[in-house]
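Before any comments, here is the structure.
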């Protein structure tokens with residue numbers, strides 16, 4: 001019995017990089033024993049986006065509660081935990097500092113090792129939770145409010161970024177267009193819902209290509225095209241069909257993400273492809289990838305929506321593989337708001 005217990009790695013993970021205060025207990029990188037998320041969306045929707053100061057204060061209020069709840073739901077105590085993991089970048093510096101400080105305090109008090117985790121590595125690792133059979137290498141598209149990355153996952157925790165956004169991230173473009181057509185924040189889910197009522201071929205919005213790198217993305221031109229279209233309609237006194245704008249914009253984003261991603265899968269010779277990040281829960285994007293991957297004989301992996309948004313279970317999954325590789329951080333671990341993947 002003792003032998004079996006010694007092989008179990010229980011990670012207590014903390015995530016606070018933006019406006020979700022989250023904690024989770026994850027066993028052996030794949031089994032989620034608890035996943036507690038306190039979201040601040042209602043607080044920030046009044047302002048049309050995340051206000052870092054408000055987010056930081058709310059994290060301070062909630063972080064201890066969320067950690068205690070995660071331990072309780074998992075039926076574990078601090079003594080049972082193998083290591084404490086935390087997102088230390090990228091993200092908003094104030095919110096990150098709250099999570100890092102809390103994790104360091106728990107690690108110190110419990111005498112458990114501390115493992116800092118890259119937020120994007122967490123998003124990619126969300127796929128391991130729901131697909132026990134998934135193992136590197138594979139290609140992963142990470143699309144969220146702050147990131148649009150095309151990544152070759154060479155091994156656990158070993159990444160090569162082959163494409164990235166040159167300007168707005170996909171999720172950022174969703175938020176800005178949602179605001180322009182009066183949907184409010186958060187834009188992604190609201191555009192996804194409204195787009196179902198519209199015609200995706202109603203308005204021919206552009207699909208940008210980046211000359212220097214065929215895998216890079218650019219969404220600011222598309223965003224500008226939507227804003228120009230709305231302004232032109234208003235100046236001419238023409239009625240704007242918001243559902244058609246949402247559907248046409250969403251199709252332009254989806255077309256580019258699918259084309260670049262599957263081109264990379266083919267060029268790099270893989271037969272496995274995964275998506276991750278907040279935009280990965282978009283229904284139109286999932287359907288397009290399912291269809292195109294099936295056509296090409298590519299295995300397609302996509303986490304449930306709860307694991308696409310910011311959560312601590314994905315941080316626990318990533319931390320397990322970091323822990324196994326011998327990664328440990330000291331109490332001088334700091335928040336790094338623009339941490340690069342692979343650093």
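A short reminder: the numbers here are calculations on the coordinates, not readings from a lab. Just so we're clear, the structure is a prediction, and the values are computed from it rather than from any experiment. Cβ placement follows ideal geometry from the backbone for every residue including glycine, while neighbour counts extend to all protein chains displayed.
Please give the length that would be gained between residue 179 and residue 220 if that part of the chain were fully extended, namely 0.36 nm times their separation in residues minus their C-alpha to C-alpha distance (nm, one decimal). Spell out each step's value before the answer.
Values: separation 41, 0.36 × 41 = 14.76 nm, distance 1.47 nm.
Residue separation times 0.36 nm, minus the Cα-Cα distance, leaves 13.3 nm.
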What is the Cα coordinate range of the stretch 136-303 on the first, second and third principal axes, sorted by size from largest, in whole angstrom? 54, 30, 25
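Most exposed first by the Cβ proxy, i.e. fewest other Cβ within 10 Å, how do 160, 239 rank? Show your work: numbers first, answer last.
Numbers: 160 14, 239 5.
By the 10 Å Cβ count, ascending, the order reads 239, 160.
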The stretch 58-74 scanned against label point 7 Å out from residue 109 along Cα→C-beta; backbone N under 12 Å for 63-69
Suppose R0 equals 41 Å. What FRET efficiency, 1/(1 + (r/R0)^6) with r the Cβ-Cβ distance, do residue 304 and residue 236 give to the nearest 0.05? 0.40
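Give me the extension gain from residue 166 to residue 271: residue separation times 0.36 nm, minus the current Cα-Cα distance, reported in nm with one decimal.
On the way: separation 105, 0.36 × 105 = 37.80 nm, distance 2.71 nm.
Going from the current span to full extension adds 35.1 nm.
Which of 144, 16, 283, 218 has the fewest other C-beta atoms within 10 Å, and how do the rest follow up to the most? Mind showing how you got there, number by number?
Working: 144 24, 16 36, 283 14, 218 19.
By the 10 Å Cβ count, ascending, the order reads 283, 218, 144, 16.
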Roughly what would the spin-label model give for residue 208 and residue 263, points 7 Å off Cα along C-beta, in nm? 1.5 nm
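Nearest-5 percent of antiparallel DSSP beta bridges in the chain?
On the way: 27 of 44 bridges.
Close to 60 percent.
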Taking other Cβ within 10 Å of each residue's Cβ, how do 245, 254 sort, fewest first? 254, 245
What is the Cα radius of gyration of the stretch 243-343 over 2.2 N^0.38 Å, N being its residue count? 1.34
In whole Å, what three semi-axes, largest first, describe the equivalent ellipsoid of the stretch 65-153 built from its Cα gyration tensor (square root of 5 times each eigenvalue)? 26, 18, 11
q = 0.21, 0.23 Å⁻¹: log10 I(q)/I(0) that the Debye formula gives for the stretch 98-201, counting C-alpha atoms only: -1.08, -1.12
Sort out for me the Cα centre separation of the stretch 94-165 from the stretch 261-295, rounded to whole Å. 19 Å
